[in-house]
Amino acid sequence: MLFLTTLFYCSSTRMLTVNTYLAPSSIHGVGLFAAELIPANSIIWQDNEHIDTIYSEGFFLNICRNAHKNTLQHLLNCSCKRGGRYFYLTDNAQFMNHSETLDNFVHGASKSRVSAFHQILKGDELICNYLSCNDPDDFHVRNIKKHIIE
């Protein structure tokens, strides 16, 4: 099964900045794949405060504490903590799978921009090392339940 997601963008509406599609992943479930050749150093994703929802830690954890379990699960699946802020991903970047060895991204100092550190071929899965791209206390890296119970 293949889900084609062609993303057209202008400079003010960035998130994923390359054409991608969703397909079964050999890593986990559904993955995000390049629908075009992506040259090294190309920006792949960049946050946009007008599209992405970015929360402070306190506000995000308050939402989590008060959310229904189905809403909480969705929120956790579609969010990550980078640079002390929680990003609720509204594009297909939420389907990037984790690998410690196959990571193909470089994250900017603010962690609000992601670039390819090598050429990514059409059809290659876009893979992120959650341990290096997310904050050490991100729930994908550590157990978020500890923070919610507190």
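The values are calculated or read from the model by the stated rules, or taken from the named source; none is laboratory data. From a predicted model like this one, the values you see are computed outputs, not experimental measurements. Reconstructed Cβ throughout: ideal geometry from the backbone, glycine too, with neighbour counts over all protein chains shown.
Scan the range 48-65 for residues that are under 14 Å from Asp137 (Cβ atoms), surrounded by 16 or more Cβ atoms within 10 Å (Cβ to Cβ) and either among the aliphatic types (A, V, I, L, M) or free of Cβ contacts under 8 Å to residues at least 40 places away in the same chain (or both) and jot them down. Once the filter is applied, which keeps residues that are under 14 Å from Asp137 (Cβ atoms), surrounded by 16 or more Cβ atoms within 10 Å (Cβ to Cβ) and either among the aliphatic types (A, V, I, L, M) or free of Cβ contacts under 8 Å to residues at least 40 places away in the same chain (or both), the range 48-65 yields Phe60, Leu61. Among the residues making up the range 120-139, those that are of a type outside the set (A, V, I, L, M, F, W, C) and either crowded, with 20+ Cβ neighbours inside 10 Å or touching a residue at least 40 places away in the same chain (Cβ under 8 Å) (or both) are Lys122, Gly123, Asp124, Glu125, Tyr130, Asn134, Asp135, Asp137, Asp138. Only one of the numbered conditions (1) touching a strand residue (DSSP E or B) at 6+ places or on another chain (Cβ under 8 Å); (2) in a loop (DSSP other than H, G, I, E, B); (3) at pLDDT below 85 is not met by Glu49, and that is (1).
Just one of the numbered conditions (1) in contact with a helix residue (DSSP H, G or I) (Cβ under 8 Å, 6 or more places away or on another chain); (2) over 22 Å from Glu125 (Cα atoms) is not true of Arg82: (2).
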